[in-house]
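Beneath this line is the structure, given in structure tokens, with notes to follow.
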Amino acid sequence: MKRTLVTGGAGFLGSHLCDRLIKDGHDVLCVDNFFTGSKTNIAHLLGHPYFELMRDGVTFPLYVEVDQIYNLACPASPVHYQRDPLQSTKTSVHGAIDMLGLSKGLKARIFQAFTSEVYLYGADVKMREYREYKYKLNIYGDALQTRSFCYVDDMIDAFGLLMES
């Protein structure tokens, strides 16, 4: 049985990933500070013998023993990361550094994810032109907002395939 850490595990994708990992027989440690995640997303897993919730963030090192790490901790909407941009940046940068350090120390596999919106916020005209050209999809407004369309199960499948590749 693999012991798997999911940071941002109470978020939309994180909670679906926790579900899948439990279903696949993993012992899951979900870490979330609930800055944008919600306990209701994982409420059905509380009390499950192979699920543990740790209310914590990733801006300080975590000392846990795991076989693999999915680092999904990152505010994923402009409303959330604009509310506290410094904390959002710390979560993304310090969190990635700390999780990579944990992975290295444990010789654990790691899947590192970021939200695109943190990095596309305030995009310049060239980026707008690129997005307008790249997608056959109609973009309304000033094209400063981006959205990706994907079934959550497909995304979770991809996470697992990338982890195991």
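Probe radius 1.4 Å, ligands and nucleic acids left out: which of T36, T4, T89, T59 has the largest accessible area, and how do the rest follow?
On the way: T36 60, T4 0, T89 80, T59 30 Å².
Ranked from most to least accessible, the order is T89, T36, T59, T4.
When a/c reaches 1.5 or more, the comparison of a/b and b/c decides; with that in mind, is region 30-107 rounded, prolate or oblate per its Cα gyration tensor?
Here region 30-107 falls in the oblate category.
Charges only on Cβ, +1 for Lys and Arg, -1 for Asp and Glu: so what's the dipole of region 1-59 about the Cα centre, in debye to the nearest 20? It would help to have the intermediate numbers written out before the result.
On the way: 6 positive and 6 negative charges, 12 e Å.
The calculated dipole for region 1-59 is roughly 60 debye.
All other residues with a Cβ under 13 Å from the Cβ of G160 taken together, and with Lys, Arg as +1 and Asp, Glu as -1, what is their net charge? Display every interim value, and only then the final one.
Working: positive: K2, R20, K23, R109; negative: D19, D24, D153, D154, D157, E164.
Within the 13 Å Cβ shell, the charges total -2.
For region 1-117, what is the accessible area per residue in Å² when the probe is 1.4 Å?
Working: 5980 Å² over 117 residues.
Normalised by residue count, the accessible surface of region 1-117 is 51 Å².
Between D67 and L46, how many nm apart are label points set 7 Å from Cα along the C-beta direction?
Taking the two extended label points, one gets 2.8 nm.
Order Y70, Y151, Y63, Y50 by their accessible area, 1.4 angstrom probe, all chains in place, largest first.
Values: Y70 5, Y151 175, Y63 195, Y50 100 Å².
Final ranking, largest accessible area leading: Y63, Y151, Y50, Y70.
The values are calculated or read from the model by the stated rules, or taken from the named source; none is laboratory data. Predicted model only: the values in this text are computed from it and were never measured. Cβ coordinates were reconstructed from backbone atoms using ideal geometry, including for glycine residues, and neighbour counts include every protein chain displayed. Surface accessibility is based on the protein's heavy atoms, side chains included, excluding ligands, DNA and RNA. Shrake-Rupley method; radii C 1.70, N 1.55, O 1.52, S 1.80 Å.
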